[in-house]
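All remarks here apply to the structure that follows.
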Amino acid sequence: MTTDIWDAPLSETTPAPVAGPSAFDAERIVAASVMARPDLIDELATEFDPADIQDDRYRWVWHAVDEIRQTLSNSEIRWQAVDRQLQAWRATGHMPIVPLALDQLARLYDEAQTSHSAAAYYAAQITEASIARRYFALGADISVRARSAAFNPETDIAAAQDALDNLVRNDEATTPSLVGDIIGGALERAITPPTNENRIPTGFIDLDGLFSGGFAPGQLVVVAARPAMGKSTLGLGFARAAAIHNNIPTLFESLEMGEAELANSILAAEARIGLHHIKQGTVDDAGMARAARSTPKIAAAPLYLNDCSTLSLPMLRGRVRHMIRTVGLRLVIVDYLQLMQAPKAENRQAEVAKLTRGLKLMAKEFGITLVVLAQLNRGPEQRTDKKPQVSDLRESGAIEQDADMVILLHREDAYDKESARAGEADFLIGKHRGGPTGTITTAAALHYASFLDMAAT
């Protein structure tokens, strides 16, 4: 004769083991403990998620206690009240499982551990078992992907790395801080000028002054302009300033220029050699002497160049994660945003919105500065002064929303060769979260593949 679930001993109704570790004993004790001390639900909130409880019956006990305590002020919730709540949910179809019976709840109640330390100990066991099961499942998924004919090393490995990072919740990021614990840091920062340890110099004195010493960790910086204004040149200038002149590990992701073009531009800028002479192979002896003096410093710089044909968020995330661990990466520059492979969405604007949000979260999570070059629409060309505005950002307002800084690049001589400001370039700071905006004027030495700091000269 088959034993009825309502009459069976509690141990005989434990679900059959599933793939991966389980912690059914700990789940039973935690469910019992919140019955005896409902306030444990609040005490465990920042370190435990009831969704990690594998046995549905114990998880519904937790939810029942959480529901009942909203209206009852007693220090404990007896099993009879829990039974009534479970049966009510069962009767209305709210609960899709057969709950524990009244006598099972009574026996469960006897296993309660009412101290926070004890309940937290068993809750930690549940969390670890849940993470282990997800880890086990991820391994199985990786194995299936690896055997698939559609296996793509770049995207599949990056996706697996991303999933591995997300196995453990970042509890610290969701735990509020008491202002008294952090105000001391603000006082210390008020009298301590930033250094290269917590800022990345841009290579422009006035720009560094506007940005309190340079780019900061966790920032998403957008450099935007119309085509042929010098976006790539400026992005490479930021990379040179960080890596060659300040020894800051930097990654330059180029979706437009190849490695040879990038190397040509770096040499032209650092040795003050005409870029066209390098391309034509007509550099004179004086230029080669300057190149010889500049090359050792360039070669020793922690500047990494990648001329990728496609670049997605998972691919970039995997590369950044690896380089943070291996070389201490601090600055990433992407040339340029609209050429990146965006996550699928209902329309292009939504795709770009997902892309920029992902980039911002990546910068914040890894504590790096992420500079993204972007194209503007034709708005500037329709205005008399041709000056770009933040609203000209192409394809999505989410770019402006997610960026901490927006630098708009403008050259008057791009529209008027006879301009009185020929050879000058303006960096229009259209957005600066938490800081001032303004206009920085530089010299556009594009034949040297660089912008020159007029404040320095």
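Modelled this way, with points 7 Å down the Cα-to-C-beta line, the labels at residue 228 and residue 167 are 5.3 nm from one another.
Each peptide in 132-139, 208-215, 326-333, 57-64 gets a packing score, the mean of other Cβ atoms within 10 Å over its residues, and the list from highest to lowest is 57-64, 208-215, 326-333, 132-139.
Extension gain for residue 192-residue 67 works out to 40.0 nm (0.36 nm per residue, less the C-alpha to C-alpha distance). For residue 341, nonlocal amide neighbours, meaning residues 5 or more places apart or on other chains whose placed amide H falls under 5 Å from its own, are 311, 312. Among the GluC sites (Glu not before Pro) found in region 377-457, those both in a DSSP coil and sparsely packed, with 12 or fewer other Cβ atoms within 10 Å of their Cβ, are 418. For the chain, the relative contact order works out to 15 percent when only alpha carbon pairs closer than 8 Å and six or more residues apart are counted. Each DSSP beta bridge with both residues in the chain is either parallel or antiparallel, and the antiparallel ones are about 40%. A simple rule links phi to the HN-Hα coupling: the Karplus curve 6.51 cos²θ - 1.76 cosθ + 1.60 with θ = phi - 60°, which for region 439-447 gives 10, 10, 9, 10, 9, 8, 9, 5, 5 Hz, with x for Gly and Pro.
Residues whose amide H comes within less than 5 Å of that of residue 371, counting only those at least five positions distant or on another chain, are 221, 332, 333, 334 (H built at 1.01 Å from N in the peptide plane). Taking 18 Å as the cut-off, the amide N atoms of region 384-413 that come nearer than this to a point 7 Å along the Cα-to-beta-carbon line of residue 441 belong to 385-388, 408-413.
Return a whole-number percent for the relative contact order of region 245-319, with Cα pairs under 8 Å and 6 or more residues apart as the contact set.
Normalised by residue count, the contact order of region 245-319 is 50 percent.
When the helices of the chain are scored as -39500 (n - 2.57) per DSSP H run of n ≥ 4 and the total is divided over every residue, the value at 222 nm lands at -14500 deg cm²/dmol.
Sparse packing (at most 12 other Cβ atoms within 10 Å of the Cβ) combined with a DSSP loop state is found for the following trypsin sites (Lys or Arg not before Pro) in region 358-457: 378, 383, 417, 433. Model label sites at residue 259 and residue 422, defined 7 Å from Cα along the beta-carbon direction, differ in position by 3.9 nm.
The value of relative contact order for region 196-452, using C-alpha pairs under 8 Å at least six residues apart, is 26 percent. Sequentially through region 223-239, phi angles give Karplus couplings (6.51, -1.76, 1.60; θ = phi - 60°) of 10, 10, 6, 6, x, 6, 7, x, 4, 5, 4, 5, x, 5, x, 4, 5 Hz, Gly and Pro residues having no value and appearing as x.
Listed values for region 104-120 are Karplus-derived 3J(HN,Hα) couplings in whole Hz (6.51 cos²θ - 1.76 cosθ + 1.60, θ = phi - 60°), namely 5, 5, 5, 5, 4, 4, 5, 9, 5, 10, 8, 7, 4, 4, 5, 4, 5, and x replaces Gly and Pro.
Every number in this text was worked out from the coordinates using simple rules, so none of it is lab data. From a predicted model like this one, the values you see are computed outputs, not experimental measurements. Every residue, glycine among them, receives a Cβ derived from its backbone with ideal geometry; neighbour counts consider all protein chains shown.
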